[in-house]
Amino acid sequence: MPEPQPPIVTITGLEKTYKSGFQALKRVDLTIRRGEIFALLGPNGAGKTTLISIVCGIVNASAGTVVADGHDIVKDFRAARSKIGLVPQELSTDAFETVWSTVTFSRGLFGKSPDPAHIEKVLRELSLWEKKDAKIMTLSGGMKRRVLIAKALSHDPTILFLDEPTAGVDVELRHDMWQMVRELRDNGVTIILTTHYIEEAQEMADRIGVIHKGELIVVEDKDVLMRRLGKRQLIVQLQQPIDKIPESLAGLALERSADGTTLTYSFDVQGEQTGIAQFLKQLEQLGIELKDLHSSESSLEDIFVNLVKEKS
Amino acid sequence: MNVHAIRAIYKFEMARTFRTIVQSIVSPVLSTSLYFVVFGSAIGSRMGEVGGVNYGSFIVPGLVMLSLLGESISNASFGIYLPKWSGTIYELLSSPVSFVEVVIGYVGAAASKSIMLGVLILVTARIFVPYEIVHPVWMVVFLVLTAVTFSMFGFIIGLWADSFQKLQAIPLMVVTPLTFLGGAFYSINMLPPLWQKVTLFNPVVYLISGMRWAFYGSSDVNVAISFGIILGVLVACVTAIWWIFKTGYKLKS
Ligand SMILES: Nc1ncnc2c1ncn2[C@@H]1O[C@H](COP(=O)(O)OP(=O)(O)OP(=O)(O)O)[C@@H](O)[C@H]1O
Ligand SMILES: [Mg+2]
């Protein structure tokens with residue numbers, strides 16, 4: 001685990017109430033560290049896009065401040081925004097433009113002088129080079145998504161927001177994208193992504209934030225989060241079904257399957273003593289024969305579901 | 001000043017124009033030519049002179065202004081409405097550009113396009129009817145000022161509109177009647193006294209009158225007033241746009 005880096009984005013007391021009166025964000029405080037990959041998780045409508053949109057200047061905050069790479073996003077919007085790249089959730093593209101011209105346009109819009117070599121590099125990295133002269137409307141959904149990424153990378157941002165970058169992207173491409181995100185991080189880009197694929201966060205993120213109904217309920221190192229909230233289970237398959245859990249095992253967190261052929265023993269990952277050895281010894285003493293046994297670890301998904309369930 | 005951004009927006013908009021050259025250049029030139037054929041050559045030859053010029057020539061400044069107005073409004077309103085409609089406006093909003101740069105880019109492109117069109121129409125008109133330009137410098141001033149002012153007006157409509165219906169409503173319901181009643185085809189002196197007064201509330205009257213003065217050295221209303229009115233409309237549009245961006249009205253939630 002690398003040393004915690006100084007903050008690159010500092011969000012303080014951020015609130016958003018839409019004109020409809022709906023409060024989408026409730027006093028969010030969040031610090032993003034330089035050079036990390038931060039995954040923002042949360043169910044539909046939790047406020048992820050709202051949070052990103054405020055930082056990027058698309059939505060006005062109702063209260064609170066955001067400082068990006070040392071620049072206040074309102075008072076010093078030029079300096080702040082020129083550091084930020086955004087890949088939006090919606091596939092919004094200019095139908096009639098070519099890939100090359102739309103990416104070149106983005107670079108200019110962000111105040112950078114033309115640099116065809118850089119654009120070429122970005123397009124090649126995203127496997128879009130062959131499509132550079134194609135009109136965007138002739139591309140597939142996954143390609144359009146990559147065009148949006150190319151647009152966001154056209155001006156060398158130091159902070160990159162990816163709002164569900166892999167929605168509707170096939171497995172192979174998703175892995176390519178993960179690879180690309182890691183390379184960007186290695187080149188010093190800080191990445192904030194949202195996703196509904198927990199495995200993606202589990203695979204990629206250094207830290208994870210969970211947002212639920214506009215509140216940031218957890219921000220934690222991924223490993224810590226998994227250790228703290230993760231449960232492990234030992235699943236034991238029996239030679240002979242048993243019709244009830246023996247008296248002497250009543251004190252343990254045991255569950256018997258309906259047909260009586262498996263026992264599931266749950267224990268805390270961070271507990272000093274897992275109690276596995278003791279449990280197995282007891283089974284032996286009781287003369288219960290084992291057919292098979294394996295352990296499982298709760299995924300981030302389970303943790304996430306539990307967290308959200310706890311809150312609501 | 002983010003010059004790269006202005007250039008990017010301007011180029012983007014001009015590219016859109018040339019991509020749709022038939023709708024954006026050829027068709028307005030063609031339809032204006034029809035006016036010259038019908039009113040200039042066919043009907044005009046049977047009409048007397050108006051204010052010392054033959055009728056065909058008399059309508060040239062007005063017709064140029066008509067297309068200048070219409071095209072400026074539709075170019076600029078479409079230019080900014082499209083990204084709102086397609087969602088690509090997110091990029092503009094998240095980029096390090098101020099409203100001044102956005103306006104220079106979009107309005108600049110829309111105005112350039114309608115000025116090009118105005119010049120093309122002038123050249124085409126020469127095929128059908130003779131005309132002279134007494135104050136060429138002022139002609140250019142009126143041409144440019146009108147293009148810029150009404151491109152701004154169109155830009156405001158594009159920002160305000162949240163449907164294609166609304167986008168077309170203002171040009172159709174307000175601008176077209178005002179331009180037709182603005183004295184493109186007649187001198188306001190030909191109107192009954194009461195209507196001569198009423199028509200003075202129509203800003204287009206001043207535009208056309210100013211342009212006609214630049215062509216033929218005489219006009220319905222004093223050219224200084226014409227000039228003042230255009231400037232007034234320009235200032236009003238700039239103020240409105242400044243307010244829209246300052247408050248994020250209809251752009252940011
Ligand atoms: N312009 C708006 N006006 C009113 N309410 C809005 C607006 N935009 C979003 N909301 C509401 O704010 C809440 C948060 O929306 P947001 O798009 O931030 O969610 P999200 O976490 O990105 O969800 P998803 O995972 O579905 O993308 C939702 O309840 C949504 O309906
Ligand atoms: Mg979202």
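The values are calculated or read from the model by the stated rules, or taken from the named source; none is laboratory data. These numbers come from a predicted model, not from an experiment. Positions of Cβ are backbone-derived with ideal geometry, glycine not excepted, and every protein chain shown enters the neighbour counts. For accessibility, only protein heavy atoms count, side chains too; no ligands or nucleic acids. Shrake-Rupley method; radii C 1.70, N 1.55, O 1.52, S 1.80 Å.
So the values come out like this:
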{"item": "Expected 222 nm ellipticity per residue - DSSP helices of 4 or more, -39500 (n - 2.57), all of chain A, to 500", "result": "-9500 deg cm²/dmol"}
{"item": "Between helix B:55-86 and chain B: long-axis angle, C-alpha atoms, 0 to 90°, nearest 10", "result": "10"}
{"item": "Inter-chain Cβ neighbour average for residues A:102-108, partner chain, 10 Å", "result": "5"}
{"item": "Complex-versus-alone comparison for the range B:1-41, residues with a loss of 40 Å² or more in accessible area, probe 1.4 Å", "result": "B:His4, B:Ala8, B:Phe12, B:Arg19"}
{"item": "Residue mean of other protein chain beta carbons inside 10 Å, B:91-104", "result": "6"}
{"item": "Residue-normalised accessible area of chain B, given per residue in Å² at a 1.4 Å probe", "result": "44"}
{"item": "Separation in nanometres of the label points that stand 7 Å from Cα toward Cβ, at A:Arg78 and B:Ser41", "result": "5.4"}
{"item": "Distance from the range A:40-87 to the range A:94-167 (C-alpha centre basis), Å", "result": "21"}
{"item": "Sequence of B:Ile170, B:Ile127 from largest to smallest accessible area, 1.4 Å probe", "result": "B:Ile127, B:Ile170"}
{"item": "Accessible-area value, A:Val219, 1.4 Å probe, nucleic acids and ligands omitted, Å²", "result": "50"}
{"item": "For A:Ser295, distant residues with modelled amide H under 5 Å away", "result": "A:Ile235"}
{"item": "Heavy-atom accessible area order for A:Val147, B:Val223, A:Val305, largest first, 1.4 Å probe", "result": "A:Val305, B:Val223, A:Val147"}
{"item": "Candidate aspartates and glutamates - alpha carbon under 16 Å from A:Lys83, same-chain residues fewer than 8 apart omitted", "result": "A:Glu36, A:Asp69, A:Asp72, A:Asp156, B:Glu91"}
{"item": "Kirkwood Rh in Å, taken over chain A so that all alpha-carbon pairs contribute", "result": "22.1"}
{"item": "Where the range A:9-227 is the region considered: accessible area per residue in Å², 1.4 Å probe", "result": "40"}
{"item": "Cα-only radius of gyration and Dmax that characterise chain B, units Å", "result": "18.7, 60"}
{"item": "Overall Cα dimensions of the protein assembly as shown, principal axis frame, Å, largest first", "result": "122, 47, 45"}
{"item": "Among the listed pairs A:Lys48/B:Lys84; A:Lys151/B:Lys11; A:Lys26/A:Lys112; A:Lys16/B:Lys84, those beyond 24 Å (Cα-Cα)", "result": "A:Lys26/A:Lys112"}
{"item": "Portion, in percent, of the accessible area of the protein assembly as shown that falls on carbon or sulfur, probe 1.4 Å", "result": "59"}
{"item": "Area hidden from solvent between A and B (accessible, protein heavy atoms only, 1.4 Å, total, Å²)", "result": "2500"}
{"item": "Label zone at B:Val198, where the point sits 7 Å out along the Cα-to-Cβ direction: the range B:167-185 residues whose backbone N lies under 20 Å", "result": "B:173-185"}
{"item": "Amide hydrogen neighbours beyond the local backbone of A:Ile211, cut-off 5 Å, H modeled", "result": "A:Leu41, A:Gly42, A:Ile217"}
{"item": "Chain B: calculated mean residue ellipticity at 222 nm from DSSP helix runs of at least 4, using -39500 (n - 2.57)", "result": "-23000 deg cm²/dmol"}
{"item": "Accessible area (Å², 1.4 Å probe, nearest 10) - A:Thr264", "result": "30"}
{"item": "Averaged over B:84-90, number of beta-carbon atoms from partner chains that fall within 10 Å", "result": "5"}
{"item": "With all protein chains modelled, accessible area of B:Val3 [1.4 Å, Å²]", "result": "80"}
